[in-house]
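The values are calculated or read from the model by the stated rules, or taken from the named source; none is laboratory data. Not measured: the values here are computed from a predicted model. Quick reminder, even Gly has a Cβ in these numbers, built from the backbone with ideal geometry, and neighbours come from all protein chains shown. The accessibility values were calculated without ligands, DNA or RNA, using every heavy atom of the protein model including side chains. Shrake-Rupley method; radii C 1.70, N 1.55, O 1.52, S 1.80 Å.
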Amino acid sequence: MTFLDASDWQERIFSGEWTRAAGETYDSTEPATGKTLGRVGSATPSDLERAVVRAAQAQRDWAARPYVERARVLRRAARLFEEHHAEIAEWIVRESGALRPFADFQTSNGAAEECYEAAALAASPYGEVLRSIEDRLSFARRRPVGVVGVISPFNAPMVLAMRAVAPALALGNAVVLKPDPRTAICGGVTIARVFEEAGLPAGVLHMLPGGADVGAALVDHPRVPVIAFTGSTRAGKAIATAAGQRLKRVHLELGGNSALIVLDDADLEKAVSAGAFGSFHHAGQVCMASSRHLVHASIAEEYAHLLAQHANAAPVGDPATGQVALGPMIDERQLQAAHAIVTDSVAAGARLAAGGTYEGLFYRPTVLADVPLEARAYTEEIFGPVAPVVPFHNLDEAVRLATDTEYGLSLGILTRDVAKGLALADRIPTGLVHINDQTVNDEATVPFGGVGESGNGSRHGGSVANLEAFTEQQWVTVRGEIPDYPF
């Protein structure tokens with residue numbers, strides 16, 4: 001019997017135990033082959049209502065338990081992710097289309113590390129003593145918010161769920177997780193099985209795959225005061241609007257149109273290699289992808305030529321069966337959306353230097369040179385393996401181009417002059433900056449998030465950000481005796 005034995009979870013949702021969902025079941029399919037991987041239970045708003053009620057009840061006991069007990073559960077979960085790493089990674093490869101190294105990262109460097117970091121968070125200081133002009137002890141302490149709703153995406157389903165689930169649990173909250181239906185097994189079932197085996201008390205974690213109606217019910221529920229969402233800017237704005245009606249907090253990690261700035265002193269071959277990874281990794285389905293290559297005009301033509309060579313040499317295919325550089329896109333809708341941006345941009349005057357074709361869900365890595373600033377490949381998030389190259393002539397123009405977007409997630413600057421790179425970064429508003437690296441980077445220990453259309457700041461990762469995200473501050477005073485009042 002395997003850790004993810006289908007007899008445990010197939011056609012079921014998780015609410016402390018595996019139960020039949022009120023909704024219809026559906027097939028989880030492998031994007032590379034179209035094969036059915038399993039039957040998934042689809043939750044309904046009525047399932048969500050029952051889950052929230054139970055979560056709220058279970059949370060009180062969970063929060064009252066000693067922090068060392070919560071830490072032990074998180075450490076056991078981390079060890080389970082490591083112990084069953086190969087099986088879990090295989091599900092990520094097959095269900096999300098990830099390459100094996102990316103699946104390995106999500107399991108060991110992602111989920112396991114998120115749990116270890118969260119275990120330490122359970123023991124972190126949670127308050128401070130305050131000065132007071134009165135004769136009393138005055139302090140502020142952090143309390144769990146209660147029930148946290150987590151809505152996670154398809155593109156990195158394990159790590160993008162766990163970076164909210166793990167710290168929320170460690171700080172004494174219950175969690176209702178709604179994974180993307182397309183990756184409900186690797187991004188939902190797996191997490192539920194891990195915490196079930198780790199000894200998390202029943203009712204503290206709920207896993208409900210479902211459609212937009214379930215997500216809307218979660219956001220609107222009055223007993224879910226915090227929503228952690230990772231996904232598109234369009235969906236994030238809708239969630240923020242709905243949550244605002246309930247005056248609840250939302251932590252939004254949204255889209256990006258991140259710039260990779262290549263200065264004229266950069267090592268050109270290394271810069272091209274970094275740029276190729278930044279744009280083509282996971283078929284470009286990464287919010288931090290290097291979406292606009294801003295390259296000094298003196299090297300832009302050669303850069304685009306070399307980047308096209310890298311794209312043409314990259315093998316594309318089924319990541320479960322071969323050594324490939326790119327796997328499939330998640331579905332036909334996502335592929336056609338990216339392809340439309342490519343064809344519209346070529347029609348607007350961009351030069352197709354490589355790619356622009358596909359077979360099934362396998363899209364060839366694509367390089368667009370001489371991209372007009374009004375082309376969709378420059379102005380929009382592509383979410384496909386496409387690298388638009390735009391020249392600049394001086395640093396002021398590079399700053400203007402890099403900031404010529406409503407997004408502000410990640411920035412990469414490639415140069416031999418680190419001081420120049422840091423000075424340039426100071427002029428460009430963004431949540432993440434990487435000097436001499438491409439834009440796709442993440443660790444469990446760092447505050448992660450963007451500004452502008454990319455979200456509402458660094459709300460995930462790192463002890464300070466996680467404490468802010470999943471606790472409320474409470475002011476407490478203590479006197480030795482009741483004071484006298486003039487009434």
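For segment 296-354, a residue qualifies if it is surrounded by fewer than 16 Cβ atoms within 10 Å (Cβ to Cβ), out of contact with any Lys or Arg (no Cβ under 8 Å at 6 or more places or on another chain), of a type outside the set (Lys, Arg) and not in a helix (DSSP H, G or I), and the qualifying residues are 315, 321, 322, 323, 349.
Of a type in the set (A, V, I, L, M) and in a loop (DSSP other than H, G, I, E, B), is that true of residue 123?
It is true that residue 123 is of a type in the set (A, V, I, L, M) and in a loop (DSSP other than H, G, I, E, B).
Here's the yes/no breakdown for (1) of a type in the set (Ser, Thr, Tyr); (2) surrounded by fewer than 24 Cβ atoms within 10 Å (Cβ to Cβ); (3) over 16 Å from residue 13 (Cα atoms):
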position	(1), (2), (3)
199	no, yes, yes
202	no, yes, no
224	no, no, yes
246	no, yes, yes
256	no, no, yes
259	no, no, yes
267	no, yes, yes
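Residue by residue, here is whether (1) more than 30 Å from residue 485 (Cβ to Cβ); (2) surrounded by fewer than 22 Cβ atoms within 10 Å (Cβ to Cβ); (3) in contact with a Leu (Cβ under 7 Å, 6 or more places away or on another chain); (4) of a type outside the set (Ser, Thr, Tyr) holds:
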| site | (1), (2), (3), (4) |
| --- | --- |
| 110 | yes, no, no, yes |
| 141 | no, yes, no, yes |
| 152 | yes, no, yes, no |
| 187 | yes, no, no, yes |
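Listed conditions (1) in contact (Cβ under 8 Å) with a residue 60 or more places away in the chain; (2) touching a strand residue (DSSP E or B) at 6+ places or on another chain (Cβ under 7 Å); (3) surrounded by fewer than 24 Cβ atoms within 10 Å (Cβ to Cβ) are all met by residue 193, apart from (2).
Scanning segment 5-36 for residues that are within 21 Å of residue 87 (Cβ to Cβ), over 25 Å from the mean Cα position of the chain (by Cα), among the acidic types (Asp, Glu) and in a loop (DSSP other than H, G, I, E, B) returns 5, 11. So which residues in segment 204-221 are buried (at least 20 other Cβ atoms within 10 Å of the Cβ) and either out of contact with any Asp or Glu (no Cβ under 7 Å at 6 or more places or on another chain) or farther than 20 Å from residue 162 by Cβ (or both), if there are any at all? Matches in segment 204-221: 204, 205, 206, 207, 209, 210, 214, 215, 217, 218, 219, 221.
Rundown of residues vs (1) modelled with pLDDT under 95; (2) acidic (Asp, Glu); (3) within 22 Å of the chain's Cα centre (by Cα), yes/no style:
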position: 338; (1), (2), (3): no, no, yes
position: 344; (1), (2), (3): no, yes, no
position: 357; (1), (2), (3): no, no, no
position: 366; (1), (2), (3): no, no, no
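Close Cβ contacts (under 8 Å, 6 or more residues apart or on different chains) running from residues in segment 269-295 that are closer than 15 Å to residue 368 by Cα to residues that are open to solvent by 20 Å² or more (accessible area, probe 1.4 Å) and of a type in the set (D, E, K, R) comprise 291/381. Is it the case, given these coordinates, that residue 272 is in a loop (DSSP other than H, G, I, E, B) and more than 16 Å from residue 350 (Cβ to Cβ)? No: the conditions fail for residue 272.
None of 268, 260 is under 26 Å from residue 381 (Cα atoms) and either at pLDDT below 95 or in contact with a His (Cβ under 6 Å, 6 or more places away or on another chain) (or both) except 260. Taking the numbered list (1) open to solvent by 50 Å² or more (accessible area, probe 1.4 Å); (2) charged (D, E, K, R); (3) touching a Phe, Trp or Tyr at 6+ places or on another chain (Cβ under 8 Å) in turn, residue 70 passes all entries but (1). Among the conditions (1) in contact (Cβ under 8 Å) with a residue 60 or more places away in the chain; (2) crowded, with 19+ Cβ neighbours inside 10 Å, residue 90 misses just one, which is (2).
Quick check on segment 101-115. Is at least one of its residues in a helix (DSSP H, G or I), more than 20 Å from residue 80 (Cβ to Cβ) and either more than 18 Å from the chain's Cα centre (by Cα) or touching a residue at least 40 places away in the same chain (Cβ under 8 Å) (or both)? Lay out the reasoning, then the answer.
Looking only at segment 101-115, we keep the residues that are in a helix (DSSP H, G or I), and these are 101-115.
From what is left, the residues that are more than 20 Å from residue 80 (Cβ to Cβ) are 101-102.
Narrowing further to those that are either more than 18 Å from the chain's Cα centre (by Cα) or touching a residue at least 40 places away in the same chain (Cβ under 8 Å) (or both): 102.
Among the residues of segment 101-115, at least one is in a helix (DSSP H, G or I), more than 20 Å from residue 80 (Cβ to Cβ) and either more than 18 Å from the chain's Cα centre (by Cα) or touching a residue at least 40 places away in the same chain (Cβ under 8 Å) (or both), which makes the answer yes.
Figure legend. Inter-residue proximity from segment 296-325: first residues touching a residue at least 24 places away in the same chain (Cβ under 8 Å) and under 30 Å from residue 37 (Cα atoms), second residues crowded, with 20+ Cβ neighbours inside 10 Å and of a type in the set (Ser, Thr, Tyr), beta-carbon distance below 9 Å, spacing 6+ or different chains. Indicated pairs: 316/358; 316/363. Filtered by the rule that a residue be open to solvent by 60 Å² or more (accessible area, probe 1.4 Å) and closer than 30 Å to residue 97 by Cβ, segment 16-60 gives 20, 22, 24, 27, 29, 33, 35, 36, 39.
Within segment 361-376, being open to solvent by 10 Å² or more (accessible area, probe 1.4 Å) and small (Gly, Ala, Ser) holds for no residue.
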